[in-house]
Amino acid sequence: MADLDLDVTGYANGGAGVARHDGRVVFVTGALPGERVRARIVDDRKASFARAAVVEVLDASEHRVDEQCRAAAAGAGCCDLSFVDADYARELGAVALSDVLTRIGRFSSDGLEAPTVAALGDEVTGWRVRTRLAVAADGTVGLRGRKSAELVTVPCAAPVAGLLDGIAELGGAAGTELVLAVGSDGRRHIAELSAPTHAGGRGKDRRGRAQRARSARSAPRTVRTVEGRPHVEYTVGKRTWSIPVTGFWQAHRNAPDVYSATAVDLLETVGVTGDVHLWDLYGGAGVFTAALCDADGGFTVTGSDIVDTDPGALAAADRVLAGEPAVTHRGQVAATIADLTDPDVVVSDPPRSGAGADVVDAIVAASPSAVVHVGCDAAAFARDLGRFAAQGYRVRAWQGFAAFPMTHHVEGMAVLTQ
Ligand SMILES: C[S@@+](CC[C@H](N)C(=O)[O-])C[C@H]1O[C@@H](n2cnc3c(N)ncnc32)[C@H](O)[C@@H]1O
C-alpha cells in the first residue's frame, strides 16, 4: 500500500498518535497530535483500525525535539518518546490515562478530576538504576531493536551515569543476558542470566511464537556474577535493602521514595487512623510496609502480611523488617490471601498484567476500609479500578507518575474507600 499523508488528531495509550483514513482509525507510531505526517501501514489485519509508522514529518509539533536517546534514534526498543519534550510527554501520559480510565474503567468525567502525571525527579535522562542487555551470537552486547533482531550497541540515555561504562568491551556468551544494577551506594553489579534452555510451543504461527516467548521467560536460568556482588543495596528512607541483582526493584532511582511517600499521603487523605492491619500484596521486598510502619501520621501498623512470589525479595523484606510486625508469605496473591487475617488497609502493586478480577474480588470480600492500588500498565490499572468501583469502592484520589521518562509508560496510584 502507498504511504499515506495523515493529520494526527489524538494520542492513544501505548504512545501512538491517532489519525483517520477511509473511515478507519490509524494508530501512528512516532507521530504527535497536531502533526501532519507521511506514514506507512505496518499492520492492516483489523477491520476497525490499522497501525502505521511515520516515514516523514510534514508539519511538526512544537513539542517535537531532537532525539534525547541515541539508542532509540538508532532503532532500540528503549525510549519510544525520546523525540518529545518531557513536559508534553507527561501531558500525553495524562491524556492516555484518563482515556483508559473512561473507556476501560468506565469512570465518568464528573466527580473526580482526571489524574495528572507527575515527574519523579528533574532529570529526563540518567534516571535508570537497573537495565538488561542482550548478548548476540558474536558476543556483542546491546539493546534489543524495536523492529529488527539486530542488537543496538549505541548507549541508551536512561541509565544513571556509569551504569553502562565499558559494556562494549565486556562481551558475553551468545544468547545470555546481562543485568546491570547500581545501588544507592553508587556501586555497580552485573549478573549474567544464562540463555533460556526450554522453549515450548511448537507452532510457527503467532500463538506458537507467543507460547515460546512465555515459556522462555519462565524457564529456569542460571545466574553468574560478572562484576561486583550478587546483591545490590538500595536505601529508601532510613532503611537499606539487599536485593538480588536479577530481582525486582523499581527502575527509576526516585520511584521507591516517591511511591512510598505517596501511599502514606493517600491513606492520610482518606483519614486512615488508629491501629491498622495491612496487606502488602505483590509487596516484593516490603518497601510499602516499611514506609507505612515508619510514617509519622495518624495510624500505626500493628501487622502486615507481605505477599509475593519472589523468594529473594521476601528474604530481603524479612531482614529489613525484623522487629516490625510484618510476616512474609511466598505464593500467588490469588491463592494466598484467603487464609490471611482480614485487613484494615490493602496496598496492591501488581505486575503489568494487573491484579485481575479474582484478586480484586478477594480484596473486596475482605472489606478493608482503604485500598491503595498501584499499576504500571494504564489499561490494567483502569480495569482493576473499574472492578473495585463496580463493587462499591470509590476512588477518592489518584495520581499518575512518569515512571520511565522518554517513554509512553505511566504508573498510576489510587486510593479507594467504601
Ligand atoms: C510491580 S512489582 C512491586 C514490588 C513492590 N511492591 C515494590 O514496590 O518494590 C510486582 C511484584 O509482584 C510480584 N508478583 C508477580 N506476580 C505475582 C503473583 N501472582 N502473586 C504474588 N506476587 C507476584 C513480583 O515478584 C514483584 O515483586
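The values are calculated or read from the model by the stated rules, or taken from the named source; none is laboratory data. Nothing here was measured: the structure is a model prediction, and the numbers come from that model. No Cβ is skipped: glycine too gets one built from the backbone with ideal geometry, and neighbour counts run over all protein chains shown.
Between VAL100, VAL160, VAL117, the distinction of being buried (at least 17 other Cβ atoms within 10 Å of the Cβ) and not assigned by TED's automatic domain parsing to the domain that holds ALA382 belongs to VAL160 only. If you go through segment 393-400 one residue at a time, do you hit one that is without any contact (Cβ under 8 Å) to a residue 12 or more places away in the chain and not charged (D, E, K, R)? Within segment 393-400, none of the residues are without any contact (Cβ under 8 Å) to a residue 12 or more places away in the chain and not charged (D, E, K, R). Scan segment 286-295 and tell me whether some residue there is more than 9 Å from the ligand (Cβ to nearest atom), assigned by TED's automatic domain parsing to the domain that holds VAL347, assigned to a loop (DSSP other than H, G, I, E, B) and closer than 15 Å to ASP257 by Cα. Yes, segment 286-295 has at least one match. Of HIS252, HIS231, all but one fail to be more than 10 Å from the ligand (Cβ to nearest atom), in contact with a Leu (Cβ under 9 Å, 6 or more places away or on another chain) and closer than 25 Å to PHE404 by Cα; the exception is HIS252. Here the strands (runs of 3 or more DSSP E) wholly within segment 308-402 that include at least 1 residues being farther than 20 Å from VAL264 by Cα and within 10 Å of the ligand (Cβ to nearest atom) are 326-330.
Quick check on segment 270-281. Is at least one of its residues within 23 Å of GLY354 (Cβ to Cβ), at pLDDT 95 or above and surrounded by fewer than 22 Cβ atoms within 10 Å (Cβ to Cβ)? Yes, because at least one residue in segment 270-281 is within 23 Å of GLY354 (Cβ to Cβ), at pLDDT 95 or above and surrounded by fewer than 22 Cβ atoms within 10 Å (Cβ to Cβ). Within segment 84-106, the set of residues being assigned to a loop (DSSP other than H, G, I, E, B) and either hydroxyl-bearing (Ser, Thr, Tyr) or touching a Gly at 6+ places or on another chain (Cβ under 7 Å) (or both) comprises ILE104, GLY105, ARG106. Going by the structure shown, is THR300 modelled with pLDDT of 95 or more, assigned by TED's automatic domain parsing to the domain that holds ALA335 and within 16 Å of the ligand (Cβ to nearest atom)? In short, no. Residue count for segment 262-285 satisfying the condition of being in a loop (DSSP other than H, G, I, E, B) and within 16 Å of the ligand (Cβ to nearest atom): 4. Scanning segment 114-146 for residues that are closer than 20 Å to LEU92 by Cα and either modelled with pLDDT under 90 or aliphatic (A, V, I, L, M) (or both) gives ALA114, VAL117, ALA118, ALA119, LEU120, VAL124.
Being buried (at least 20 other Cβ atoms within 10 Å of the Cβ) and under 20 Å from the mean Cα position of the chain (by Cα) is not true of PHE388.
For ALA313, the conditions (1) under 26 Å from the mean Cα position of the chain (by Cα); (2) within 30 Å of GLY105 (Cα to Cα) are fulfilled apart from (2). Checking each residue in segment 387-418 for being charged (D, E, K, R), under 14 Å from ARG106 (Cα atoms) and out of contact with any Asp or Glu (no Cβ under 8 Å at 6 or more places or on another chain) picks out only ARG394. Against the definition (of a type in the set (S, T, N, Q) and either within 15 Å of ALA12 (Cα to Cα) or free of Cβ contacts under 8 Å to residues at least 40 places away in the same chain (or both)), how does SER61 come out, yes or no? For SER61, the condition - of a type in the set (S, T, N, Q) and either within 15 Å of ALA12 (Cα to Cα) or free of Cβ contacts under 8 Å to residues at least 40 places away in the same chain (or both) - is met.
Can you tell me how many residues within segment 321-349 are crowded, with 19+ Cβ neighbours inside 10 Å and more than 24 Å from the chain's Cα centre (by Cα)? Matching residues across segment 321-349 total 4.
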